[in-house]
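The values are calculated or read from the model by the stated rules, or taken from the named source; none is laboratory data. Source: prediction; values computed, not measured. Here Cβ is always computed from backbone atoms with ideal geometry, including for glycine, and neighbour counts include all displayed protein chains.
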Amino acid sequence: GDTAPLLIPPLPPHDGPPAMEAEGLTRRFGDFVAARDVTFCIPRGEIFGFLGSNGCGKTTTMKMLTGLLDITEGSARLLGKPVDASDLRTRLHIGYMSQLFSLYEELSVRQNLVLHARLYRMDPATATQAIEASLDTFELRPYAETMPASLSLGIRQRLQLAAACLHKPEVLILDEPTSGVDPAARDMFWRHMIRLSREEGVTLFVSTHFMNEAQRCDRISLMHRGRVLAVGKPDDLCVQRGCETLEQAFIDYLEADQEAEHLPHTPIEDDPLDLPLTPPASETRQPSAIALWFSRMWAFAQREAMELRHDSIRLAFAIIGPIIVLCAATWGLSFDVEDIRFSVLDRDQSTDSRRFVEHFAGSTHFVEMPPLSDASEIDAQLRSSQSWLVIDLPPGFGRDLIGQRQPEVGFYVDGGSLVRAAHTVNSIKAVSIEHAVRLAQATPGAEVPTMPITVTPRMAYNPSYQSVFVFGPSNLMLALTLIPAMLTALGVVREKEMGTMVNLYASPGAISEFLVGKQLPYVALTLLSYLTLVAVLIWGLGVPLKGSFLALTLGATAYAFAITAMGLLISAFVQTQVAAQFLTAILCVIITTNFAGVLSPVSTLDGVNFYIAQGFPSSWFQKVSLGVFTKNWQVQWHTLGVACVVMMGFSVAYLTAARLFVSKQER
């Protein structure tokens, strides 16, 4: 890098409206005010510094100016236009560098710049030249084909600055760009920023908490507790307070700001990790290791519950999503076959042929469609699904029937749906036999066929033979599998992507405390969803609950622990939220629909399929749900108890496996 003294030329004049304007800018998060009444005006080409301690509202203000956060009160203008998140044309002229690394880890340095150029719609020829120039300007050429994850923080920050400058923006917003980098890299950053301002006329809005960096800005804004204390040139602010250094002036402004000392402070939530200090052992008895484990675990649970509580979309999805799954699956999955549409090709046109057809039309299982006039219409009728059955009555049907010569009748059944086709064939046989018996009874001297025994089938547990009474309880299992598992699968991997896993690394909490604490809010959410689903089943779909509600709730609780633990295992295993969602959805859908007893009882499976079913908790809860709803299961060990113990065993096994994929240190 350049070792010459850092000189800052005077700011040349620029025409046109100010680059950035803020008037009374305020942002609230619930009762907490992150930025209050922020006002300033930045002319084009100026290096404007935002000086303040960590958490004073600098990043919040920057995100409002770029449209990344909604403005609660006040207004902001960027390049003469009101800030609007949907104004993509203005955004093309803005460069933004976030405090945390926000580029793609799976792309090389060059690939990140290429993607950035495409996103900002740069001409391919111009983009290629700009990328090559950036690799040289920001000293990135030795790392052009390297993945960012293997680079040092200073080089990653250089890459972020190169990407932000690649499309030649008019305004460059830099959120603590030199935080965490060494002094030499910090000096190189400022040389680039001064060149952009003085030679290319780029307006720079830089947040920092370094006093020596603030001294290099044309003007600065001193910020504390979300409020702007003063705006002006660094030297002028020092003169106004009669101080020799900017640091002394900043402290003087803080002490003089009596209003800041009396601002009402209503925290959003108490931090559950801020545990009270433990008095010395001489004053009180030290809590046991178990008590400390539960205390820290509960702190993690409270923190996760806070995030869920503030995310209304996820909460709505957790409740409404399973209801949609339950209703759609129950209404769409049915073996009930009624109102079979049939057409007739009557080539006999006799009284007996009409009586035969009337016997079908009078059945509750069949609905007669317009008749056919030619055999060539049969295939078209079935192909179009206008009819599922075509009855072909041959010439002489009535004559042969009276003469007991057993006329052959053609029944063409649409076999596109196996279940419907099987029911149709059985119904054809039943109606035909009933017609033959009645005909024999009405014919003098005819022998009436009789069965040697009388068969009267009775459906145990489902006397009306309706699919909803079987698929409803089974789909309760499906609804409690898919959505809770997908939500929990975001728990750990989201922290990985956001960089907040560092909280676990720095805290005294154990990984087991972290995982169980993560799990508990989702268990509670799953049980709340369970209650709504049972209500929908009973009062919405009309499925009676014949067994014990307590037995069903105990089974649902065990299953909630098992399925959320599976979600945590997937979350700990993968590296991205997208991968977590895909893997969870694929596993849940495939296993629950094929191996959990929804379509075929687990007892009918054999070989590997049977062991797959037994090795997944869904088949065990499906047995509980169906048993309680249809078979009057009560709280008994030999039915409910075994299933609950097995499901809790799955929970322990999944959490133990997840523990292996979560490290207490950065990898």
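Determine which member of the set G567, G597 is touching a Pro at 6+ places or on another chain (Cβ under 8 Å) and not aliphatic (A, V, I, L, M).
Working: G597 fails: touching a Pro at 6+ places or on another chain (Cβ under 8 Å).
Result of the check over G567, G597: G567.
Does I591 satisfy the condition of being exposed (fewer than 15 other Cβ atoms within 10 Å of the Cβ) and in a helix (DSSP H, G or I)? It is false that I591 is exposed (fewer than 15 other Cβ atoms within 10 Å of the Cβ) and in a helix (DSSP H, G or I). The selection criterion, being in contact with a strand residue (DSSP E or B) (Cβ under 7 Å, 6 or more places away or on another chain), more than 23 Å from R110 (Cβ to Cβ) and modelled with pLDDT of 85 or more, holds for A214.
Residue count for the range 387-407, restricted to those that are surrounded by 15 or more Cβ atoms within 10 Å (Cβ to Cβ) and free of Cβ contacts under 8 Å to residues at least 40 places away in the same chain: 2. Could you count how many residues in the range 201-251 are assigned to a loop (DSSP other than H, G, I, E, B) and among the hydroxyl-bearing types (S, T, Y)? Looking only at that region, the number is 1. The number of residues in the range 44-65 being outside any helix (DSSP H, G or I) and touching a Leu at 6+ places or on another chain (Cβ under 8 Å) comes to 6. Please verify whether D175 is farther than 20 Å from L115 by Cα and in contact with a strand residue (DSSP E or B) (Cβ under 6 Å, 6 or more places away or on another chain), treating the condition exactly as stated. Spelling it out, D175 is indeed farther than 20 Å from L115 by Cα and in contact with a strand residue (DSSP E or B) (Cβ under 6 Å, 6 or more places away or on another chain).
Just a yes or no: is a residue in the range 562-585 part of a helix (DSSP H, G or I), surrounded by 14 or more Cβ atoms within 10 Å (Cβ to Cβ) and without any contact (Cβ under 8 Å) to a residue 24 or more places away in the chain?
Yes, the conditions are met somewhere in the range 562-585.
Would you say A305 is part of a helix (DSSP H, G or I) and modelled with pLDDT of 85 or more? Criteria not met by A305. Taken over the range 411-427, the residue count meeting the criterion of being outside any loop (DSSP other than H, G, I, E, B) and free of Cβ contacts under 8 Å to residues at least 40 places away in the same chain is 8. Of the residues making up the range 162-190, just one is at pLDDT 85 or above and either at positive phi or surrounded by fewer than 16 Cβ atoms within 10 Å (Cβ to Cβ) (or both), namely K168. Annotation note: Cβ proximity below 7 Å between a residue of the range 542-555 that is over 13 Å from V624 (Cβ atoms) and a residue that is surrounded by 22 or more Cβ atoms within 10 Å (Cβ to Cβ) and small (G, A, S) (sequence gap 6+ or interchain) occurs for V543/G472.
Only one entry of R44, R77, R27, R36 meets the criterion of being among the basic types (K, R), in contact with a helix residue (DSSP H, G or I) (Cβ under 7 Å, 6 or more places away or on another chain) and modelled with pLDDT of 85 or more, and that entry is R27. If a residue has to be among the acidic types (D, E) and at pLDDT 90 or above to count, how many in the range 380-413 make the cut? Residues in the range 380-413 being among the acidic types (D, E) and at pLDDT 90 or above: 1 in total.
Of the listed requirements (1) closer than 14 Å to G232 by Cα; (2) of a type outside the set (F, W, Y); (3) surrounded by 23 or more Cβ atoms within 10 Å (Cβ to Cβ), C41 misses just one: (3).
Can you name every residue in the range 111-152 that is assigned to a loop (DSSP other than H, G, I, E, B) and among the aromatic types (F, W, Y)?
Of the residues in the range 111-152, the ones assigned to a loop (DSSP other than H, G, I, E, B) are 120-123, 138-140, 144-147, 151-152.
Matches in the range 111-152: Y120, F138.
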